[in-house]
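*Asks:* Handing you this structure, nothing more for now.
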Amino acid sequence: MEKVVEMKGITKIFPGTVANDSVDFDLEKGEIHVLLGENGAGKTTLMNVLYGLYQPEAGEIYINNNKVDIKSPKDAIKLGIGMVHQHFMLVNNFTVAENMILGQETKKGAFNIDIKKAEKDTKELADKYGFKIDPKSVIEDITVGQQQKVEILKALYRGAEVLILDEPTAVLTPQEIEELGIILKNLIKEGKSIILITHKLKEVMSMSNRVTIIRRGKYIDTIKTEDTNIDKLAEMMVGRKVNLVVNKSSAKKGDVIFKIENLRALDHRGLPALRGLNLDLRSGEILGIAGVDGNGQTELIESIVGLRKVIDGKIILKGEEITNKNTKEISEAGISHIPEDRHKRGLVLKYSLLENSVLGIHYRKPFSKGIMMDYDKIRKHAKTIIDNFDVRTPNEDVTAASLSGGNQQKMVVAREIEKDPDMLIAAQPTRGLDVGAIEYIHKRLIEERDKGRAVLLVSLELDEVMALSDRIAVIYDGEIVDILDTKDATEQKLGILMAGGKLKDNEKGGMENE
């Protein structure tokens with residue numbers, strides 16, 4: 001097969017870390033090649049070298065059998081390489097068409113940008129690849145799945161023949177993941193070649209032709225997807241056997257400690273997001289919230305933790321009303337929160353892991369000595385968290401920004417669990433994590449439940465909701481439309497409810513409406 005990309009002996013070193021240790025990788029024309037590895041294995045680093053964002057210490061790159069020197073993304077784009085990053089690079093208050101032409105604007109006269117042409121070109125390109133996107137839509141008003149399509153279109157607009165997608169399914173719903181699979185196959189039919197960075201094994205099996213595994217910066221193997229299976233890949237990726245099934249005994253439920261009554265709240269545009277939502281949660285149980293993204297999950301969590309004003313209804317914890325209290329008061333009342341966006345709400349990226357380990361409890365003893373912080377106690381606490389949760393870092397003094405996404409997530413989860421709350425809200429707790437880290441965080445959430453904590457799990461991963469929850473509440477259009485006991489829940493039943501349908505009584509099985 002014709003090789004469109006060949007990377008030989010790539011070594012990339014950051015202070016204290018060898019991110020890529022003489023790694024080989026090649027891409028054949030017309031294939032989807034997955035780059036698989038744990039968080040911090042060096043996958044994104046290797047692709048950032050190919051895209052010209054990093055310069056390697058050693059190694060060679062060949063494009064279409066010609067040796068090249070890629071000094072910047074501009075060089076990569078000229079060579080027909082496009083990259084869609086895990087955190088999108090779009091201007092939120094620009095339209096789709098405006099984002100498409102950024103840096104490549106077609107002028108009408110000396111000063112005016114030809115927006116009409118941009119909109120026409122965008123529409124033609126979108127139609128060609130079957131993307132349903134309105135060129136005039138503003139980025140912040142479209143779904144995350146649509147934003148990702150804009151990123152892919154942007155790369156194609158710039159003439160990409162090789163497309164690098166970094167964790168493309170981390171923020172997509174099951175339906176959008178399926179849609180992405182179809183889009184990628186269409187791109188291959190058009191003669192494009194695709195590199196997929198991921199650690200989601202189900203997607204590796206369904207989307208790829210070949211897989212290259214790297215572990216802790218080193219090349220492990222390249223295999224054909226048809227010659228492997230999920231268990232083998234998990235073992236190669238992590239270096240040990242991984243238990244992909246969540247083991248849990250039945251819940252020993254206590255009293256209802258958390259209640260929501262007729263909750264109403266608005267979204268960021270001032271439109272109704274929660275429309276009289278009711279919910280209760282017992283100590284010693286995990287209640288999962290299932291739903292397609294954008295049905296009020298974010299507003300529900302923000303209302304509980306004091307980040308969004310409630311316009312009607314009550315939120316009650318342990319018999320005390322906490323509606324519209326501030327975040328500090330809610331934390332003090334006994335609620336910990338693993339936020340869905342680790343960058344926006346979970347970490348201060350410029351702060352060290354030391355400082356991030358006590359965010360939200362920094363004013364409490366033993367970390368505070370009144371006016372001064374007790375850095376010896378904070379260091380001890382940070383080291384404990386890093387060790388207990390296997391956060392891969394050179395030390396606790398590096399900034400949160402320098403960690404891989406998965407290790408950042410582990411840091412947030414660890415900090416919130418260590419606060420010892422009565423109730424833990426886990427929003428997308430394993431977003432962007434590899435199987436080893438997912439296995440560990442699932443185990444920890446079950447442990448918290450078994451210690452008698454109430455856990456509210458909000459996840460777009462239906463597999464995760466079904467594996468961890470004792471009961472599953474389905475949210476649709478700002479309301480809880482049904483609550484199923486997990487033993488009676490199937491993907492099909494949940495899918496019907498998530499799409500706004502209703503179950504007939506004989507479909508429900510042993511329903512629990514406490």
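The values are calculated or read from the model by the stated rules, or taken from the named source; none is laboratory data. A quick note: this is a predicted structure, and the numbers were derived from the prediction, not measured. Virtual Cβ from ideal backbone geometry, glycine too; neighbours counted across all protein chains shown. Protein only, heavy atoms only, side chains kept; ligands, DNA and RNA dropped before computing areas. Shrake-Rupley method; radii C 1.70, N 1.55, O 1.52, S 1.80 Å.
*Asks:* Under a 1.4 Å probe, what is the accessible area of the chain per residue, stated in Å²?
*Replies:* 45
*Asks:* Also, quick follow-up: Taking square-rooted eigenvalues a ≥ b ≥ c of the alpha carbon gyration tensor, is segment 389-511 rounded, prolate or oblate, where a/c under 1.5 means rounded and, failing that, a/b exceeding b/c means prolate?
*Replies:* prolate
*Asks:* Taking the Cα atoms only, what angle lies between the long axis of helix 435-450 and the longest principal axis of the chain, rounded to 10 degrees?
*Replies:* Value to nearest ten degrees: 0.
*Asks:* What is the local net charge at Ile223, summed over the other residues whose Cβ is closer than 10 Å to its Cβ (Lys, Arg +1; Asp, Glu -1)?
*Replies:* Surrounding charge for Ile223 is 0.
*Asks:* Can I ask one more? How far is it, in nm, from the label point at Leu102 to the one at Lys136 when both lie 7 Å from their Cα along the line to the Cβ?
*Replies:* For the pair Leu102/Lys136, the computed spacing is 2.2 nm.
*Asks:* Continuing with the same structure: Would you tally the net charge around Glu299, using a Cβ to Cβ cut-off of less than 11 Å, leaving Glu299 out, and scoring K and R as +1, D and E as -1?
*Replies:* Net of charged neighbours comes to +2.
*Asks:* Continuing with the same structure: List the trypsin sites (Lys or Arg not before Pro) within segment 215-300 that fall in a DSSP loop (any state other than H, G, I, E or B) and whose Cβ has at most 10 other Cβ atoms within 10 Å.
*Replies:* Counting only loop positions with at most 10 other Cβ atoms within 10 Å, the trypsin sites (Lys or Arg not before Pro) in segment 215-300 are Arg240, Lys241, Arg269.
*Asks:* In whole angstrom, note down how far apart the Cα centers of segment 216-265 and segment 135-205 are.
*Replies:* 23
*Asks:* Is the C-alpha gyration tensor of segment 323-427 telling us rounded, prolate or oblate? Criteria: a/c under 1.5 is rounded; beyond that, a/b larger than b/c is prolate, otherwise oblate.
*Replies:* Cα axes put segment 323-427 in the oblate bin.
*Asks:* In debye, nearest 20: dipole of the chain around its Cα centre with unit charges on the Cβ of K, R (+) and D, E (-)?
*Replies:* 920
*Asks:* Sticking with this structure for a sec: Trypsin sites (Lys or Arg not before Pro) within segment 49-89: which are DSSP loop residues with at most 11 other Cβ atoms inside 10 Å?
*Replies:* Those satisfying the criteria are Lys71.
*Asks:* Give the residue list of trypsin sites (Lys or Arg not before Pro) in segment 364-468 that are DSSP loop and have at most 14 other beta-carbon atoms within 10 angstrom.
*Replies:* Those that pass, being in a loop and sparsely packed, are Arg364, Lys451.
*Asks:* Take the Cα coordinates of segment 203-320, assign each an equal point scatterer, and use the Debye formula without solvent to give log10 I(q)/I(0) at q = 0.12, 0.13, 0.19 Å⁻¹.
*Replies:* -0.72, -0.76, -0.94
*Asks:* In Å, what is the Rg of the alpha-carbon atoms in the chain, and how long is Dmax?
*Replies:* Reported Rg and Dmax, both Å: 23.9, 72.
*Asks:* Placing +1 on the Cβ of each Lys and Arg and -1 on the Cβ of each Asp and Glu in segment 379-505, which of Leu462, Ile441, Ile480 has its Cα farthest towards the positive end of the resulting dipole?
*Replies:* The listed residue farthest towards the positive side: Ile441.
*Asks:* Let me ask you something else. Using only Cα atoms, tell me the angle between helix 405-418 and the longest principal axis of the chain; keep it within 0 to 90° and round to the nearest 10.
*Replies:* So the helix axis and the longest Cα principal axis differ by about 10 degrees.
*Asks:* Relative contact order of segment 10-87: what whole-number percent is it, with Cα pairs under 8 angstrom and at least 6 residues apart?
*Replies:* Answer for segment 10-87 is 28 percent.
*Asks:* Taking the Kirkwood radius as the inverse of the mean 1/r across Cα pairs, report the Rg/Rh of segment 266-318.
*Replies:* Over the Cα atoms of segment 266-318, Rg/Rh equals 0.96.
*Asks:* Could I ask something else about it? Can you classify segment 117-167 as rounded, prolate or oblate using the Cα gyration tensor, where a ≥ b ≥ c are the square roots of its eigenvalues, rounded means a/c under 1.5, and otherwise it's prolate if a/b beats b/c and oblate if not?
*Replies:* Here segment 117-167 falls in the oblate category.
*Asks:* Next up: Between Asn92 and Leu359, what length comes free when the chain is fully extended (0.36 nm per residue of separation minus the Cα-Cα distance, one decimal in nm)?
*Replies:* Once the chain is fully extended between Asn92 and Leu359, it gains 93.3 nm.
*Asks:* Please report the relative contact order for segment 391-459, taking Cα pairs under 8 Å with a sequence separation of at least 6, and give it as a percent rounded to a whole number.
*Replies:* 34
*Asks:* Longest exposed-loop-site-free stretch of the chain, with chymotrypsin sites (Phe, Trp or Tyr not before Pro), DSSP loop and at most 11 other Cβ within 10 Å?
*Replies:* The segment 112-362 is the longest one with no such site.
*Asks:* For segment 4-118, taking Cα atoms only, what is the radius of gyration to one decimal and the Dmax to the nearest whole Å?
*Replies:* 17.3, 52
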